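The values are calculated or read from the model by the stated rules, or taken from the named source; none is laboratory data. In this text, all values refer to a predicted model and were calculated from it rather than measured experimentally. We place every Cβ from the backbone using ideal geometry, glycine too, and count neighbours over all the protein chains shown.
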Protein chains: 2
Amino acid sequence: MIVALAGGVGAARMLRGLAQVLPAEDIVTIVNTGDDEMIHGLHVSPDLDTVMYTLAGLADDQRGWGLAGETWNVMEYLEELGGETWFRLGDKDLATHLYRTGRLSQGAPLSQVTAELAARLGVPARLLPMTDDEVRTRVRLSSGEEVSFQHYFVRLSHDVAISAVRFHGIDEARPAPGVMEALAHAGAVIICPSNPVVSIGPILAIEGVRAFLADHRGRVVAVSPLIAGKALKGPADRMLVELGGEASVVEVARTYADVAGTLVIDETDREQADLVEGAGCRAVVARAVMHDLRSAELLARAVLDAAGYAYSTPGPR
Amino acid sequence: MIVALAGGVGAARMLRGLAQVLPAEDIVTIVNTGDDEMIHGLHVSPDLDTVMYTLAGLADDQRGWGLAGETWNVMEYLEELGGETWFRLGDKDLATHLYRTGRLSQGAPLSQVTAELAARLGVPARLLPMTDDEVRTRVRLSSGEEVSFQHYFVRLSHDVAISAVRFHGIDEARPAPGVMEALAHAGAVIICPSNPVVSIGPILAIEGVRAFLADHRGRVVAVSPLIAGKALKGPADRMLVELGGEASVVEVARTYADVAGTLVIDETDREQADLVEGAGCRAVVARAVMHDLRSAELLARAVLDAAGYAYSTPGPR
């Protein structure tokens, strides 16, 4: 089996591609929970939900987040009440958060609640939160103010410069049940094309994860979330620059060199392959833009090939 | 001004009647919060909401709870997810709970959040929760099991015998800001026709309230929630019996004798007036069934007259 480290949308697309190639039971996904936040008292897990909704075929691909066929009755009334509505919670999506929050308040760990939700939504692959403990990504703005990740990402539309990122609670967080076991048994580990700082960063910072990958970096393949210096979605490019690096596949290679033997970069970045290798990752060039399921599948095949992972399903049809 | 002590539906109707007779600014309502419960992590205040929705003219009178024109999208999806749906939360109603829970989590006290919601919904009269502290009514079933009030009331449809009731947290609870001040300035205090045990009981048990009313019982008028031995809604009649009393206006008089000089009873209970007086309350007979706004107004007038409270609005039209 393989293990995928995942943030939100980019990872979800990659996983859909992988699910075209591998049997569902051969994919274990470890998902970032540093973006989790209490919204109106509800436990919202944006990355877990994006991955779960996407794998269940329920995501709204046009909007890029949330569920297809969503309705917004609660938000409408909340707006009338003068409540805070910057974090848009659809009615269907709210049901997920009510379920999660209710079960957590009964004492169920997040990993178990996630398994219940995934089963109910018909997600075949196994989804693990990186931890059952509370880790919260905090972003320091260049103004000096520190805000939650969702405040930065959604409320401020990540349209402000930052100076630092920290993962509150990371030192006490333990890997969720199954995380280290999955890594130990993985024939390949794929770091999905997610934000290296705030999506993959927290997963790597969970006790034991970075060290394990460093010891097995030969079978770890990262996929660059930057293509021609740009993130296809989200602020990864600007974040890397604002934190003192550069917006390039070379910077991604520097970030991952200790844990990933290989970095898959897009064809448009072919000329930087040597620099990527200089930074410590073998460079593999592929078409890394996932417009549709077909391109996601082709990328998945390229990644599995780069990992030297043998799979038996037929090649591109 | 007058102060009304209120539970849910019966109180809300009484308050609508009072609002026909008195200017809104002359009515302060102190509402039970012992029925409050965390549902899926959201702070639900059923009595506050029933009173608030009713006074705002937004209540669903047919259904007897919640908002008119309600939709149920979130509950539908929650049901699909296999979540607990015994406590029905409409989409509009959920917006109230999101608002409340969000503001409480920001540190605002319940009294302030209630004022904000009431203002937003256009409730003219002042609503005060009995306390900003956490009080939770717990019901011991005759099986020995102890459950939350909502578990008993909604989940079990109050269709089981009970052996005891207690108000968890009551000893540490302080009256909400404005409660004791309102009582001190009240020309009359009206105990609405709510459940004496679980609706009015917690309010009376808040530090200082019972003692204050006992010292001023001459201006306190209670309205019996029992008519001909029956509660018009809810389990007050059975509860009184199960806790060792009887289902009658005489029992209501016994319950309130130390705090209320007068008990208003329905015409059908006229023959028990002497027994009510024997139990320690002056008995005033009126039509106590509130079918509609008009009958609620007439009852309100009878209650204010019984309290000797002078009001200037014209008499029955």
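Checking the condition among the charged types (D, E, K, R) and touching a residue at least 40 places away in the same chain (Cβ under 8 Å), which residue from A:49, A:60 passes?
One residue alone meets the criteria, A:49.
Return a yes/no flag: does segment B:123-132 have any residue that is within 17 Å of residue A:84 (Cβ to Cβ), touching a helix residue (DSSP H, G or I) at 6+ places or on another chain (Cβ under 6 Å) and within 14 Å of another protein chain (Cβ to nearest Cβ).
No, every residue in segment B:123-132 fails to be within 17 Å of residue A:84 (Cβ to Cβ), touching a helix residue (DSSP H, G or I) at 6+ places or on another chain (Cβ under 6 Å) and within 14 Å of another protein chain (Cβ to nearest Cβ).
Can you report the number of residues in segment B:47-84 which are away from chain A (no Cβ under 13 Å), of a type outside the set (A, V, I, L, M) and over 21 Å from residue B:178 (Cα atoms)?
8
So which residues in segment B:189-213 are within 15 Å of the chain's Cα centre (by Cα) and of a type in the set (Val, Ile, Thr)?
Of everything in segment B:189-213, those that are within 15 Å of the chain's Cα centre (by Cα) and of a type in the set (Val, Ile, Thr) turn out to be B:189, B:190, B:191, B:197, B:198, B:200, B:203, B:206.
Looking at A:206, A:200, A:191, which is the one that is in contact with a Cys (Cβ under 9 Å, 6 or more places away or on another chain) and touching a residue at least 24 places away in the same chain (Cβ under 8 Å)?
Checking each option against the conditions leaves just A:200.
Mind counting the residues in segment A:85-98 that are over 25 Å from residue A:116 (Cβ atoms) and either surrounded by fewer than 16 Cβ atoms within 10 Å (Cβ to Cβ) or within 8 Å of chain B (Cβ to nearest Cβ) (or both)?
1
Please go through (1) assigned to a helix (DSSP H, G or I); (2) surrounded by 21 or more Cβ atoms within 10 Å (Cβ to Cβ); (3) not polar (S, T, N, Q) for residue B:193 and return the number of the only condition it doesn't satisfy.
(1)
Which is modelled with pLDDT of 95 or more, surrounded by fewer than 20 Cβ atoms within 10 Å (Cβ to Cβ) and under 18 Å from the mean Cα position of the chain (by Cα), of B:136, B:120?
It is B:136.
Could you check, for segment A:74-81, whether at least one of its residues is surrounded by 21 or more Cβ atoms within 10 Å (Cβ to Cβ), without any contact (Cβ under 8 Å) to a residue 60 or more places away in the chain and farther than 27 Å from residue B:120 by Cβ?
No, segment A:74-81 has no match at all.
Just give me the residues in segment A:10-46 being within 14 Å of chain B (Cβ to nearest Cβ) and β-branched (Val, Ile, Thr), in sequence order.
A:39, A:44
Just one of B:214, B:228 is modelled with pLDDT of 95 or more and either out of contact with any strand residue (DSSP E or B) (no Cβ under 8 Å at 6 or more places or on another chain) or on the phi < 0 side of the Ramachandran plot (or both); which is it?
From the options B:214, B:228, the qualifying one is B:214.
Does residue A:246 satisfy the condition of being acidic (Asp, Glu), closer than 28 Å to residue A:64 by Cβ and buried (at least 21 other Cβ atoms within 10 Å of the Cβ)?
Considered against the rule, which asks whether it is acidic (Asp, Glu), closer than 28 Å to residue A:64 by Cβ and buried (at least 21 other Cβ atoms within 10 Å of the Cβ), residue A:246 comes out as no.
Can we say residue A:101 is away from every other protein chain (no Cβ under 12 Å) and buried (at least 21 other Cβ atoms within 10 Å of the Cβ)?
no
Limited to segment A:104-117, what total is found for residues that are touching a residue at least 40 places away in the same chain (Cβ under 8 Å) and either within 14 Å of chain B (Cβ to nearest Cβ) or surrounded by 21 or more Cβ atoms within 10 Å (Cβ to Cβ) (or both)?
4
May I ask you to verify whether residue A:237 is over 15 Å from the mean Cα position of the chain (by Cα) and closer than 23 Å to residue A:151 by Cα?
Yes.
Quick check on this structure: which one of B:19, B:4 is among the small types (Gly, Ala, Ser), in contact with a strand residue (DSSP E or B) (Cβ under 7 Å, 6 or more places away or on another chain) and not in a helix (DSSP H, G or I)?
The match here is B:4.
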